Amino acid sequence: MTEVTKSRIYRTVIVVLLLVIAGMAYKFIFAGSTAAGDDQRVAVILDPGERALMLREMREFVGSVQGIVDALSREDMKAVAVAARRMGMARSHDVPAGLMGKLPLEFKALALGVHRGFDAMAMDAESIGMPRHTLEQLSAALQQCVACHARYQVKEAPVRNR
């Protein structure tokens, strides 16, 4: 085999590998694991354990919102900060990389925006201490939740027979 032939083979292999990597990056970063939903929303397809994790986190968000509203009704801004911080960015690190790869980019952006919003809520509750300001922040976070629920549904991947 000549050097020119070897060089062409190497270049071809490199190009193929780069295309495979680009395709995987597109799938992992942008597209996720989605399908057309049965109600005009995009269905995010997850394994049963991943779906359970996501639904548990959503229930925890609702619990934090309830804690924030309760603390606001008592004007206890320290309790507001504690409840908000539970769902801040530190919480986003609990999501496994495999699950993150299945989420479409817009979904990830909405979710991270909500986590950041809860962190800002906690910081402002401690530093500013104004219930009305916190209510405005909570409203903005809930708008992102509503937008996400209006656009996406979470479906369990079909079980494969082995």
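No value in this document is a laboratory result; all are computed from the given coordinates. Source: prediction; values computed, not measured. No Cβ is skipped: glycine too gets one built from the backbone with ideal geometry, and neighbour counts run over all protein chains shown.
Taking every alpha-carbon pair under 8 Å whose residues sit at least 6 apart, the stretch 48-162 reaches a relative contact order of 29 percent. Here is how the number arises for the chain: DSSP H runs of 4 or more residues each give -39500 (n - 2.57), the sum is divided by the residue count, and the result at 222 nm is -23000 deg cm²/dmol. Pairs of Lys residues in the chain that lie 8 or more places apart, or on two chains, and have C-alpha atoms under 25 angstrom apart add up to 5.
For Asp47, the amide hydrogen comes within under 5 Å of the amide hydrogens of Ala157, counting only partners 5 or more places away or on other chains and with H modelled in the peptide plane. Ranking Val95, Val114, Val13 by how far each Cα lies toward the positive end of the dipole of the chain (charges on Cβ) leaves Val13 at the top.
Span-like helix check, the chain: qualifying full DSSP H segments, with Cα axial length of 20 Å or more and mean Kyte-Doolittle of -0.5 or more, are 3-25, 48-73, 105-127, 131-151.
Cβ crowding within 10 Å ranks Met121, Met100, Met77 as Met100, Met77, Met121, fewest other Cβ atoms first.
Quick one: dipole size for the chain, taken about the Cα centre, charges +1 on Lys/Arg Cβ and -1 on Asp/Glu Cβ, in debye to the nearest 20.
Numbers: 21 positive and 17 negative charges, 156 e Å.
Result for the chain is approximately 760 debye, rounded to the nearest 20.
Under the simplified labelling scheme, the Glu156-Asp76 pair shows an inter-label distance of 3.8 nm, with each label point 7 Å from Cα along Cα→Cβ.
Would you list Glu156, Glu50 from fewest to most Cβ contacts within 10 Å?
Details: Glu156 14, Glu50 21.
Least to most surrounded, the residues fall as Glu156, Glu50.
In a simple Cβ point-charge model (Lys, Arg +1; Asp, Glu -1; nothing else charged), the stretch 73-113 has a dipole of about 80 debye relative to its Cα centre.
Among the listed values (1) -0.50, -0.64, -1.27; (2) -0.53, -0.71, -1.20; (3) -0.32, -0.46, -1.50, the one matching log10 I(q)/I(0) by the Debye sum over Cα atoms at q = 0.10, 0.12, 0.21 Å⁻¹ as calculated from this structure is (1).
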